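J.: Take this structure, written in structure tokens, and hold onto it; I'll ask about it next.
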Protein chains: 2
Amino acid sequence: MADTDTNVIDGLRAIVGDKACLDTAADMQPFTTDYRRLYHGKALAVVAPASTQQVSEVLALCTKHGVPVVPQGGNTSLMGGAVPDASGNAVVLNLRRMNQVLEIDAVNDTMTLQAGVTLQAARAAAETAGRLFPLRIGSEGSCQIGGNLSTNAGGTAVLRYGNMRDLTLGIEAVLPDGRVYSSLRGLRKDNTGYDLKQLFIGSEGTLGIITAAVLKLMPLPSATAVAWVAVKDPHAAVQLLTQAKRTAGQAVTAFELISGPALSLVLASMPQQSAPLPGVHDWMVLIELSSGGDAEGLDATLMAILEQGMESGLIVDAAVAASMADARAFWLLREEISDAQTREGGSIKCDISIPLSKIAGFIAEASAQVLALAPDARMVIYGHMGDGNVHFNPLRPKGTPAAEFLAAHYTQVSQAVDGLAHRQNGSISAEHGIGVAKRDDLVHCKTPVELALMWQIKRTLDPGNLLNPSKVLPLPAGTDHRATASSASTIGTAQTPARG
Amino acid sequence: MADTDTNVIDGLRAIVGDKACLDTAADMQPFTTDYRRLYHGKALAVVAPASTQQVSEVLALCTKHGVPVVPQGGNTSLMGGAVPDASGNAVVLNLRRMNQVLEIDAVNDTMTLQAGVTLQAARAAAETAGRLFPLRIGSEGSCQIGGNLSTNAGGTAVLRYGNMRDLTLGIEAVLPDGRVYSSLRGLRKDNTGYDLKQLFIGSEGTLGIITAAVLKLMPLPSATAVAWVAVKDPHAAVQLLTQAKRTAGQAVTAFELISGPALSLVLASMPQQSAPLPGVHDWMVLIELSSGGDAEGLDATLMAILEQGMESGLIVDAAVAASMADARAFWLLREEISDAQTREGGSIKCDISIPLSKIAGFIAEASAQVLALAPDARMVIYGHMGDGNVHFNPLRPKGTPAAEFLAAHYTQVSQAVDGLAHRQNGSISAEHGIGVAKRDDLVHCKTPVELALMWQIKRTLDPGNLLNPSKVLPLPAGTDHRATASSASTIGTAQTPARG
């Protein structure tokens, strides 16, 4: 270890305390590998500051010594966005000790908290105050508010409540040189100059480290109505959504598409669960309405949507949750799709959004292209159709080993799906972000002007390129990518097969 | 006129055509003076490009010659944000010819339009397609979508639908050097790198010129219920709002506070209108609920809110609109407050937002401070209490001439009100923006880090400081402000008395 490294580590210890500064490979391992164990990096040290002041001092120290810093929340990125590269020269700055809910203002309908509060704890704190914090994603027990902010998290309630960006009134963030930016004012309107918080939301820790936020709270719904609906096809699902929005307006809280193979996969991995509907269906949707009104009225609204869908031939069959337990069971089937794929291995994960008017056509066309490349792939397609967002994840056939399937098809299939989405005005990462996994794909789906602007902003706020380096921004044209490949994260043992 | 100026004007004519390039003082006057006739600037030329390509060519030409460009929509800024300074060296770029609605996608619930479409035309186009574009502000007949975007416009439906930023999915903007940035994709989720559109929204044309946008559409409400309510005081108004949100959830669309002197002013200026309630009340609120459900249900919800408010002693008296005509009459009284003040002359306009939990206390304290300075001032206080936003506009006493009142009180009163708002975590410009009117006040209400970041972004995107120069950003510390004063706009005949 170089003298400078020792100096840096000593300095970090002095700031955060001995216990909060790890520097052995064994101690650091949980923080240098992502939770799906696909990205294995190395670090100089892992520090867990206890205050914004300490974050500021850590960043000032690292900038002084030219040491890169990788911000980390719950380390639940699907894109390798929260772990360091393999060079071992970066400090991981983990926010878990900054886990205090600072204030709930029930009149202003706001909650102020530190970045290290988990989403689950944030939701629970809001509920204790009789309010809803509406962000809802699968990793809520582990992921942290700071990570939700820096990835502009989405999930299953965006249709009604918006993304994390829409739920945020102010943030506090530390800049690479240690200066602290703050807009923790809890204002719904503030047009005094540039809205600087927007720079830090969704930029995946490459411009500053978010240390606190003021979030919007909503009324807790007093009524919820849930149905599991078999539809004719994705076109019918989109039409049903349009009808549902016309009938129920903003009460439509979730509208999730589930393909037959997605449900089969979950049922095979959870033998104690049963399908909500008899028979086999190619396409299903999970609809949730919620409101502040009475349950009977909402149930009637849901029934009206279903009856209209039946009459117009969009719906093949439908089951309405008769109890909270039913509703939870329906949701469990939807939420387990991701983990069931992880257990099965060998899925090619694409996170696509498309204007709603084109999404059904996209699913048909992308499926045809994938099946032409990999005729036996199981078409696990599911997600937030209400937002025009589907997780389009072709899965290995049962008899084919994961590595073999991925080696044969990963690159072609993901390029076909992402390429089609891009050509149809879609996004190749609707909600999962870019991290390192999709970084170089941005060259193909962003214009030169967009890429140039991103780099202009990056260089302005982080002139030393020290904050989460090698994430999000593809190397500028003309730079030899291979020149830096030795310091890139290794993805499993080989770049392609270990994914998914 | 210098040779360079002639070259520039010739170049502009070649780009936009002779008819769309004005360069006589008489022709330019409507574009160099704001609509309240408070800011009188001069321009080298006024051009109205007909396409994004022409905007790009104009900007490239002006950048080449170092000529400043002032973007202008409907020229309805209250802050002098859309007119040039007195130097006469800037080109005004007016967007009015770019007034096409390009696409309405009723399935995706989006509308794509050019920046020069008026808000009224945008709302009408949405309604023709059976959809609501929910932004609602007094100047809708004149103001343009581009201006709404660059000022992040607010208005009377923010409580339910959010500000202009919340209603925008993508924009097209031309950078100072003529490059075109575009995110016109109509996606509700897109986490592929920095969300660059956020830079241009709310930055008042200082970073780029917005030429088109994709906006969100909502279901047209099928039911609306409106009440005019006398409340005990602003504290009671806040409690009533909390109860209304609990009872009606997101159906609460508008919640506007109106002080007694504000209503009296309107009634005096519109003798044909009558007050919705008998007697004189110090504080009133205008409540609007709307939903996609049936009118009877919504009326019942409104009645429940009013009954609960009566029972808990918050409400003194209430009138429910029995017809669309009633509702329109209630709204007319609210909407005329601004124009009634303009006709009366001599009001000190503050546009304050405060966390809702503090706004009632703020109103009491600010009123006491103002009345200590100007004991006979009429306390015209009104606005979007549901967003924590009030227009706090002390008005001259009836017998005192406007100029005399403003000369005596403008500076002290506005500093007292803005200072108190700032100390209570509020904003000194909730929705009107900064322009030139509030620019130097930012020095007092933004931190050095915020000001430094704003300048860093400005210099990065507009290195020549050519886009809407002298707007929004206060001069950096150490710069002698007076050194540039000769080129600043003149505000009426003297800086202070002509306002408001």
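The values are calculated or read from the model by the stated rules, or taken from the named source; none is laboratory data. This is a predicted model, so every value here is computed, not measured. Here the Cβ is made from the backbone with ideal geometry for all residues, glycine too, and neighbour counts use every protein chain on show.
J.: Need the failing condition index for A:Glu204 against (1) part of a loop (DSSP other than H, G, I, E, B); (2) outside the structural domain of A:Gly155 (by TED's automatic domain parsing), just the number.
T.: Here A:Glu204 clears every test but (2).
J.: Then there's this: Restricting attention to the range A:41-66, which residues are touching a residue at least 60 places away in the same chain (Cβ under 8 Å), assigned to a loop (DSSP other than H, G, I, E, B) and crowded, with 23+ Cβ neighbours inside 10 Å?
T.: A:Gly41
J.: Answer yes or no as to whether B:Thr128 is β-branched (Val, Ile, Thr) and either crowded, with 20+ Cβ neighbours inside 10 Å or touching a Pro at 6+ places or on another chain (Cβ under 8 Å) (or both).
T.: No.
J.: Buried (at least 24 other Cβ atoms within 10 Å of the Cβ), assigned by TED's automatic domain parsing to the domain that holds B:Gly146 and over 20 Å from B:Ala173 (Cβ atoms): does that describe B:Asp105?
T.: no
J.: Turning to a different aspect of this structure: How many residues does the range B:288-301 contain that are in a loop (DSSP other than H, G, I, E, B) and buried (at least 22 other Cβ atoms within 10 Å of the Cβ)? Please lay out each step first, then the result.
T.: Taking the range B:288-301 first, the residues in a loop (DSSP other than H, G, I, E, B) are B:292-294.
Of the ones still in play, those that are also buried (at least 22 other Cβ atoms within 10 Å of the Cβ) are none.
Residues flagged as in a loop (DSSP other than H, G, I, E, B) and buried (at least 22 other Cβ atoms within 10 Å of the Cβ) within the range B:288-301 amount to 0.
J.: Looking only at the range B:345-358, decide whether some residue is within 22 Å of B:Val158 (Cα to Cα), more than 14 Å from chain A (Cβ to nearest Cβ), in contact with a Pro (Cβ under 7 Å, 6 or more places away or on another chain) and buried (at least 24 other Cβ atoms within 10 Å of the Cβ).
T.: no
J.: If you go through the range A:329-385 one residue at a time, how many are of a type outside the set (A, V, I, L, M, F, W, C) and under 23 Å from A:Met79 (Cβ atoms)?
T.: So the answer is 18.
So that you can scan it fast, the table gives a plain yes or no per residue for (1) within 26 Å of the chain's Cα centre (by Cα); (2) of a type in the set (Gly, Ala, Ser); (3) within 30 Å of A:His384 (Cα to Cα):
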residue: B:Tyr194; (1), (2), (3): no, no, yes
residue: B:Leu215; (1), (2), (3): yes, no, yes
residue: B:Leu241; (1), (2), (3): yes, no, no
residue: B:Ala248; (1), (2), (3): no, yes, yes
residue: B:Phe255; (1), (2), (3): yes, no, no
residue: B:Ser259; (1), (2), (3): yes, yes, no
residue: B:Pro271; (1), (2), (3): no, no, no
residue: B:Ile287; (1), (2), (3): yes, no, no
residue: B:Ala295; (1), (2), (3): no, yes, no
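J.: Still on this structure, please answer the following. Output the number of the condition that B:Ile337 fails; it satisfies all remaining conditions of (1) closer than 23 Å to B:Asp376 by Cβ; (2) surrounded by fewer than 19 Cβ atoms within 10 Å (Cβ to Cβ).
T.: (2)
J.: Assess whether A:Val285 counts as being buried (at least 21 other Cβ atoms within 10 Å of the Cβ) and in a helix (DSSP H, G or I).
T.: On the way: buried (at least 21 other Cβ atoms within 10 Å of the Cβ): yes; in a helix (DSSP H, G or I): no.
Answer is no for this residue.
J.: Tally the residues that are crowded, with 18+ Cβ neighbours inside 10 Å and outside any strand (DSSP E or B), restricting the search to the range B:318-334.
T.: 6
J.: Out of curiosity, is A:Ala230 touching a Ser or Thr at 6+ places or on another chain (Cβ under 7 Å) and either at pLDDT 95 or above or assigned to a loop (DSSP other than H, G, I, E, B) (or both)?
T.: So A:Ala230 does not fit the description; no.
J.: Does at least one position in the range B:356-377 carry a residue that is touching a residue at least 12 places away in the same chain (Cβ under 8 Å), under 27 Å from B:Gly249 (Cα atoms) and of a type in the set (Val, Ile, Thr)?
T.: yes
Table: residues versus (1) surrounded by 23 or more Cβ atoms within 10 Å (Cβ to Cβ); (2) at positive phi; (3) hydroxyl-bearing (Ser, Thr, Tyr); (4) outside the structural domain of B:Asn148 (by TED's automatic domain parsing).
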| residue | (1), (2), (3), (4) |
| --- | --- |
| B:Thr400 | no, no, yes, yes |
| B:Ala408 | no, no, no, yes |
| B:Gly419 | no, no, no, yes |
| B:Gln424 | no, no, no, yes |
| B:Ile428 | yes, no, no, yes |
| B:Ile434 | yes, no, no, yes |
| B:Arg439 | no, no, no, yes |
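J.: Now, a different point. Applying the selection to the range A:145-160, what residues are at the interface with chain B (Cβ under 8 Å from one of its Cβ atoms) and assigned to a loop (DSSP other than H, G, I, E, B)?
T.: Answer for the range A:145-160, where residues must be at the interface with chain B (Cβ under 8 Å from one of its Cβ atoms) and assigned to a loop (DSSP other than H, G, I, E, B): A:Thr151, A:Asn152, A:Gly154.
J.: When the range A:384-405 is examined, which residues are found to be touching a Leu at 6+ places or on another chain (Cβ under 6 Å) and of a type in the set (Gly, Ala, Ser)?
T.: Of everything in the range A:384-405, those that are touching a Leu at 6+ places or on another chain (Cβ under 6 Å) and of a type in the set (Gly, Ala, Ser) turn out to be A:Gly386, A:Gly388.
J.: Filter the range A:264-280 down to residues that are assigned to a loop (DSSP other than H, G, I, E, B) and farther than 22 Å from A:Ala325 by Cβ, then give me how many there are.
T.: So the answer is 2.
J.: Given (1) in contact with a strand residue (DSSP E or B) (Cβ under 9 Å, 6 or more places away or on another chain); (2) within 21 Å of A:Val174 (Cα to Cα), where does A:Glu57 come up short, assuming only one miss?
T.: Condition not satisfied by A:Glu57: (1).
J.: Additional query: Quick check on my filter: what residues within the range A:364-417 are of a type in the set (Phe, Trp, Tyr) and over 24 Å from the mean Cα position of the chain (by Cα)?
T.: Within the range A:364-417, the first condition is being of a type in the set (Phe, Trp, Tyr), and the residues that meet it are A:382, A:392, A:405, A:410.
Scanning the range A:364-417 gives a single hit, A:Phe405.
J.: Checking the conditions here, which among B:Leu265, B:Leu215 is out of contact with any Cys (no Cβ under 7 Å at 6 or more places or on another chain), away from chain A (no Cβ under 12 Å) and crowded, with 24+ Cβ neighbours inside 10 Å?
T.: Selected residue: B:Leu215, the only one of B:Leu265, B:Leu215 that is out of contact with any Cys (no Cβ under 7 Å at 6 or more places or on another chain), away from chain A (no Cβ under 12 Å) and crowded, with 24+ Cβ neighbours inside 10 Å.
J.: Now a separate question. Report whether or not A:Arg96 is assigned by TED's automatic domain parsing to the domain that holds A:Ile209, surrounded by fewer than 24 Cβ atoms within 10 Å (Cβ to Cβ) and at pLDDT 95 or above.
T.: no
J.: Can you report the number of residues in the range A:440-465 which are more than 9 Å from every other protein chain (Cβ to nearest Cβ) and either of a type outside the set (Gly, Ala, Ser) or part of a helix (DSSP H, G or I) (or both)?
T.: Going through the range A:440-465 one residue at a time, the tally reaches 7.
J.: Hey, among B:Val67, B:Val58, B:Val8, which residue is within 28 Å of B:Leu102 (Cα to Cα), modelled with pLDDT of 95 or more and touching a helix residue (DSSP H, G or I) at 6+ places or on another chain (Cβ under 6 Å)?
T.: B:Val58
J.: While we're looking at this one, here's another question. Provide a single number: the residues in the range B:161-208 that are in contact (Cβ under 8 Å) with a residue 60 or more places away in the chain, facing chain A (nearest Cβ under 7 Å), in contact with a helix residue (DSSP H, G or I) (Cβ under 8 Å, 6 or more places away or on another chain) and buried (at least 24 other Cβ atoms within 10 Å of the Cβ).
T.: Result for the range B:161-208: 2.
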